[in-house]
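Contents: one structure, followed by commentary.
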Amino acid sequence: MSEHSNRYREEAAGIVSRLFAIAAQRVERVPDAAAETAIDVRPGLYIADLEQEADEFTAEATVLRRVRDQFPAVRAGDRIVPIALPDTNVFPAAPYMWRYRPWSPYDDEYLRAFVATWEPTSPRDRTTLSIDAATETVRTGMTAFLATRIASVADFFGGGRPQPNATPVTLSLLQRLWSTVRMSTVGFKVDVESTNPGLRIHVSPTFRRKWRYFGMPTNPVINTLTGGLYEFGADLGPYGMTTITPDPATFDIPYDTVSPRLGL
């Protein structure tokens, strides 16, 4: 954790603990009975994405405890990162409904689809964690991620600037996972370059491997990210159409860089 974010570790840990406590409550209920429990955070701090991450991981861990005692993960340099399970297509109009149903053959299909996704990962990189170890990894990593975001929010709304080359951008984002209330927060203009041009870039938080599209083609790809600890991956070019190849580096945005340079 950087010197900028270390002072916010306790604040971040308290928020993450609350997110996981609420997620555990939601897993025990049907979706329309999910409690909309507010979490008090400082003005301008966006946590809806972390609320979703906590909800998804908690539900996945709950399902996996029923059928196995290990959580699939990948080795990423000196880190071991739990993988986000792919969603089921049983209820395409209502993603993640499977987690609220009694155990059924559909859940077996879901897990088989997951294995099919995980198996293409290089055997050298593929590994597992106990459910408890995976949970601790995600919670600890999310705390570090959020501490960096809190630092960036404190700097921006306090009139400071995280670093000279950071370009703060005011974003309007959903304030809560379960509502449509919007809030203003701070993001940062991020430009990504890679060794190979023409790649499609994806980004994931470092605490849980869950790729989402960032932009294309390199070089560079420019988009906006809220503060946090991220990793990047690429496909197309020499990396094929469907397999995302991760870059081994991690990036503390905006305190380490807002211009990641990938070796892909």
Would you mind stating whether Thr243 is under 19 Å from the mean Cα position of the chain (by Cα) and more than 24 Å from Ala48 (Cβ to Cβ)?
yes
Counting only residues that are touching a Ser or Thr at 6+ places or on another chain (Cβ under 8 Å) and basic (Lys, Arg), which one in region 187-238 is nearest to Pro72 (Cα to Cα)?
Lys210
Odd one out for Ala134 among (1) surrounded by fewer than 17 Cβ atoms within 10 Å (Cβ to Cβ); (2) under 20 Å from Val16 (Cβ atoms); (3) modelled with pLDDT of 70 or more; (4) not β-branched (Val, Ile, Thr)
(1)
Looking for whichever is loosely packed, with under 12 Cβ neighbours inside 10 Å, assigned to a helix (DSSP H, G or I), at pLDDT below 90 and of a type in the set (A, V, I, L, M, F, W, C) here; the options are Ala35, Ala116, Ala93, Ala24. Which one fits?
Ala116
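The values are calculated or read from the model by the stated rules, or taken from the named source; none is laboratory data. Not measured: the values here are computed from a predicted model. Positions of Cβ are backbone-derived with ideal geometry, glycine not excepted, and every protein chain shown enters the neighbour counts.
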